[in-house]
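Structure first, then comments.
The values are calculated or read from the model by the stated rules, or taken from the named source; none is laboratory data. Everything quoted here is computed from the prediction, not taken from an experiment. With ideal geometry, Cβ positions are generated from the backbone for all residues, glycine too; neighbour counts draw on all protein chains shown. Note: accessible area is taken over every heavy atom of the protein model, side chains too, but ligands, DNA and RNA are not part of it. Shrake-Rupley method; radii C 1.70, N 1.55, O 1.52, S 1.80 Å.
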Amino acid sequence: MGVVGGEAGVDHPPPDPVVRLEGLTKDYGRHRALDGIDLTVGPGEIFGYLGPNGAGKTTTIRLLLGLLRPTAGRATVLGLDSWRDSTAVHARAGYLPGEPTMNGRLTGRELVSYFAALRRRPADVTSATGLADRFDLDLDRRIRALSRGNRQKLAIVQAFMSDPDLVVLDEPTSGLDPLVQQEFHQLLGETTARGATVLFSSHVLNEVDRVADRVGIIRQGRLVAVEHLADLRAKALHRVEARITGPVDLGPFRSLDGVRDLTVEDGVLRCGVPRPSLDGLIKALGRYPVADLSVTEADLEELFLAYYSEASADAA
Amino acid sequence: MRLSVFARTARDQRRSMVAWAIGLVLLVGMYVGVYPSVKGSGSSFTKLIDQMPKTFRALFTTGGGVDFTTPAGYLNTELLTFMGPMLVLVYAIGAGSALAGEEDRGTLDLLLANPIGRARVLLEKFAALAAGVAVLMTALWLALLVEGSAAGMDVPLAHAAAAVLHLGLLGVEFGALALLVGALTGRLALARAVPAGVAVAAYLVNGFASIVSWLGPIRASSPFYQYIGRDPLRTGLSPTAVLVSVLSIAVLVGLATASFRRRDVLT
């Protein structure tokens with residue numbers, strides 16, 4: 001393959017990325033919901049699309065599936081334009097909507113048979129049955145009689161049943177109990193092991209944390225960061241609260257890397273520290289009698305704060 | 001070529017379809033059942049209606065004459081002028097708004113995420129609407145023939161067929177309008193309300209055209225005129241009216257397809 005430099009002919013063009021967003025922009029009336037998103041996701045990758053509710057995650061996903069028409073820019077899946085070639089894109093992609101709504105009068109089996117017929121892949125019903133067994137979902141019950149969690153399972157089943165090259169999942173684990181989530185995460189692993197790509201959105205850092213290779217952080221319609229998870233983890237703040245008896249010298253705490261909002265009040269020391277500084281913090285605390293200690297992982301908003309403070313520090 | 005969306009939609013409509021067909025058969029039975037007593041005093045009924053104010057008469061008879069002394073005249077006024085079209089329109093507008101219904105409920109997202117084009121989905125939904133109306137019209141036609149002959153009202157087979165064909169086209173036309181409004185807006189309420197309003201207006205235009213002179217020129221644009229203005233039960237099929245109806249339906253469905261392909265799917 002090693003065609004290097006200006007060889008004549010384009011016998012081996014580089015493979016198309018599985019997902020490519022180029023200046024993807026979407027306006028709803030005067031409101032700009034998505035503002036020039038650029039992103040590529042490669043084969044075999046699990047990409048977490050992270051942001052608070054209303055940030056534009058669902059808009060991005062529905063543009064990627066050609067359900068929305070971009071105001072500017074474009075989205076492509078395996079080189080196919082999401083809007084113009086949406087039918088071809090759909091043949092290669094599985095989709096789990098944020099609030100999956102399915103005809104309640106159908107049974108799960110009728111629904112997957114319907115979709116398998118639309119995909120002209122009758123064998124998908126067999127694969128759906130296997131997935132349903134795995135998630136302990138009864139395909140013969142009417143959808144309207146299913147609990148929220150079971151409906152979510154059915155939505156997962158139909159998204160994965162055709163062994164798609166790309167699976168797009170909008171908040172996939174909402175409504176799933178932890179055991180099912182575990183099974184689901186395993187399914188994601190198997191999916192990428194056979195070379196397929198997963199793009200999923202979440203507003204919960206924890207979830208992305210466990211499965212994603214890379215994450216993109218979206219805020220108010222802009223992609224503010226795309227990072228490997230290890231780098232993101234390093235930036236994530238932990239909220240620490242320690243009740244200490246006796247006077248405290250704040251000096252060693254102030255010198256911790258990335259420490260924020262350090263205060264001592266009524267014998268309670270509070271601060272936010274990124275993960276790499278946790279060790280130093282514990283050692284500094286070790287010199288004092290600690291009556292109580294709590295460490296909580298920062299939620300998404302705090303992660304953004306950490307990210308922004310760093311970005312503005314770099315800019316300064 | 002597998003028509004999966006058509007098949008699914010038709011299956012979803014199956015149960016209500018049976019209820020509608022039974023309703024139509026019973027309705028015909030009721031009108032046919034009372035005919036013998038009406039017939040006896042047919043001429044006095046006709047006189048009574050002749051004495052009504054002109055506006056009133058125009059509404060009841062959609063501008064045509066009234067003749068209760070013949071079975072065709074009776075059925076025309078009683079069944080085919082008001083009750084029949086109303087029921088067919090309610091059914092057809094309901095079926096035509098099925099696509100908007102899927103969008104309104106949110107089931108359209110997953111349907112369209114399958115590798116099937118939007119135009120194809122819309123056309124199959126339209127086919128399901130047309131097939132549903134065809135089934136109902138067949139039921140109505142059979143009811144007219146069987147119940148009519150049982151009551152000794154011999155309605156000519158071909159004329160009855162012409163009347164239900166024109167009625168069916170009327171229904172499909174308004175169903176296609178519901179499809180168009182749904183394709184444009186994605187709103188179920190609009191997809192039902194707009195065709196219903198247009199139907200009332202079209203009914204009035206056709207009815208009043210005989211007495212309001214400025215309505216005369218636009219009368220032919222009313223689908224009701226295409227349906228019953230030429231009196232199909234007595235005069236048989238009107239190829240012109242069929243052509244006008246089919247063309248209108250084609251335009252409505254074409255516009256619906258074009259607009260549905262262009263816009264965002266609502267959540």
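Under 20 Å from a label point set 7 Å out along the Cα-to-Cβ vector of residue B:150, the amide N atoms of the stretch B:110-139 belong to B:136-139. All C-alpha pair distances within the stretch A:19-232, sorted into 5 Å bins from zero, spread as 1, 7, 15, 20, 20, 17, 11, 6, 2, 0 percent across the bins. Dividing the helix sum by the residues of the protein assembly as shown, where each DSSP H run of 4 or more adds -39500 (n - 2.57), gives a mean residue ellipticity at 222 nm of -16500 deg cm²/dmol. In order along the stretch A:76-86, the Karplus-derived 3J(HN,Hα) couplings, from 6.51 cos²θ - 1.76 cosθ + 1.60 at θ = phi - 60°, round to 10, 10, 6, x, 9, 6, 4, 8, 6, 10, 4 Hz, and Gly and Pro are given as x. Taking the square roots of 5 times each eigenvalue of the Cα gyration tensor of the stretch A:54-113, largest first, gives ellipsoid semi-axes of 25, 15, 8 Å.
Placing +1 at every Lys and Arg Cβ and -1 at every Asp and Glu Cβ, with all other atoms neutral, what dipole size does the protein assembly as shown have around its Cα centre, in debye to the nearest 20? Write down the numbers at each step before the final one.
Numbers: 58 positive and 57 negative charges, 446 e Å.
In debye, rounded to 20, the protein assembly as shown gives about 2140.
Residue B:254: net charge of surrounding residues, Cβ under 15 Å, Lys/Arg +1, Asp/Glu -1, itself excluded? For residues surrounding residue B:254, the net value is +4. Taking the Cα atoms of the stretch B:5-262, the ratio Rg/Rh between the radius of gyration and the Kirkwood radius comes to 1.01.
If you find the alpha carbon centre of the stretch A:172-204 and of the stretch A:142-170, how far apart are they in angstrom? Cα centroid to Cα centroid, the span is 11 Å.
Of the residues A:250, A:290, A:280, the one whose Cα sits farthest towards the positive end of the charge dipole of the stretch A:237-297 is A:280 (charges of +1 on Lys and Arg Cβ, -1 on Asp and Glu Cβ, taken about the Cα centre).
Using DSSP to call loops (not H, G, I, E or B), can you name the trypsin sites (Lys or Arg not before Pro) in the stretch A:85-155 whose Cβ has at most 15 other Cβ atoms within 10 angstrom?
On the way: sites: A:92, A:105, A:109, A:119, A:120, A:134, A:141, A:142, A:144, A:148, A:151, A:153; in loops: A:105, A:119, A:120, A:141.
Here the sparse-neighbourhood loop sites are A:105, A:120, A:141.
Here the ratio of the Cα radius of gyration of the protein assembly as shown to 2.2 N^0.38 Å is 1.34. As a rough guide to protection, the peptides B:233-241, A:218-226 ranked by mean Cβ packing within 10 Å, highest first, stand as A:218-226, B:233-241.
Divide, for the stretch B:194-256, the radius of gyration over alpha carbons by 2.2 N^0.38 Å, where N is the residue count. Intermediate results must be reported in sequence, preceding the final value.
Working: Rg = 12.4 Å, N = 63, 2.2 N^0.38 = 10.6 Å.
Working it through for the stretch B:194-256, the quotient is 1.17.
Fully extended, how many nm does the chain gain between residue A:72 and residue A:145 (0.36 nm per residue separation, minus their Cα-Cα distance)? Please list the in-between numbers first.
Details: separation 73, 0.36 × 73 = 26.28 nm, distance 4.18 nm.
Gain on extension, residue A:72 to residue A:145, equals 22.1 nm.
Principal axis extents of the Cα atoms in the stretch A:139-184, from largest to smallest and rounded to whole angstrom, are 32, 23, 17. As a test, work out the antiparallel percent of DSSP beta bridges whose residues both lie in chain A, rounded to the nearest 5. Expressed as a percentage, antiparallel bridges in chain A total about 70.
Given +1 on the Cβ of Lys and Arg, -1 on the Cβ of Asp and Glu, and no further charges, what dipole in debye does chain A carry about its Cα centre, rounded to the nearest 20? Don't skip to the end; give the middle numbers.
Working: 37 positive and 43 negative charges, 207 e Å.
Result for chain A is approximately 1000 debye, rounded to the nearest 20.
Spatially, the stretch A:211-282 and the stretch B:142-207 are offset by 70 Å when compared through their Cα centroids.
Farthest toward the positive end of the dipole of the stretch B:96-183, out of B:143, B:157, B:129, is the Cα of B:129, where the dipole comes from beta carbon charges about the Cα centre. With contacts taken as Cα pairs under 8 Å at a separation of at least 6 residues, chain B carries a relative contact order of 27 percent. The distance between label points at residue B:196 and residue A:268 comes to 5.9 nm (points 7 Å beyond Cα on the Cα→Cβ vector).
What you get for chain B, charging only the Cβ of Lys and Arg (+1) and of Asp and Glu (-1), is a dipole of about 480 debye around the Cα centre. Between the listed residues A:106, A:80, A:172, the Cα displaced farthest toward the positive end of the dipole of chain A, a dipole computed from Cβ unit charges relative to the Cα centre, is found at A:106.
Hey, with R₀ at 51 Å, roughly what FRET efficiency would residue A:234 and residue A:133 work out to, going by the Cβ-Cβ distance, to 0.05? It would help to have the intermediate numbers written out before the result.
On the way: r = 40 Å, r/R0 = 0.79.
With R0 = 51 Å, the Cβ-Cβ based efficiency is 0.80.
For the stretch A:237-297, taking Cα atoms only, Rg and Dmax work out to 10.2, 27 Å respectively.
Mean Kyte-Doolittle of at least -0.5 plus a Cα span of 30 Å or more along the axis: flag which DSSP H helices in chain B meet both, please.
Numbers: long enough: B:4-40 (53 Å, 0.55); B:118-150 (48 Å, 1.36); B:157-185 (42 Å, 1.79); B:188-208 (31 Å, 1.52); B:239-262 (35 Å, 1.50).
Those that pass (Cα extent of 30 Å or more, hydropathy at least -0.5) are B:4-40, B:118-150, B:157-185, B:188-208, B:239-262.
Using Cα pairs closer than 8 Å and at least 6 residues apart in sequence, work out the relative contact order for the stretch A:237-297, in percent. Answer for the stretch A:237-297 is 52 percent. Enumerate the residues in the stretch B:222-248 having an amide nitrogen under 20 Å from the point lying 7 Å beyond the Cα of residue B:90 toward its Cβ. Hits in the stretch B:222-248 for residue B:90 at 20 Å: B:224. A 1.4 Å probe run over the protein chains yields, for chain B, 43 Å² of accessible area per residue, whole-number rounding. The B and A chains share an interface that buries close to 2400 Å² of accessible area, total over both sides, probe 1.4 Å.
Over chain A, what is the relative contact order in whole percent, taking alpha-carbon pairs under 8 Å and six or more residues apart?
Details: 570 pairs, mean separation 57.8, N = 316.
Worked out over chain A, it gives 18 percent.
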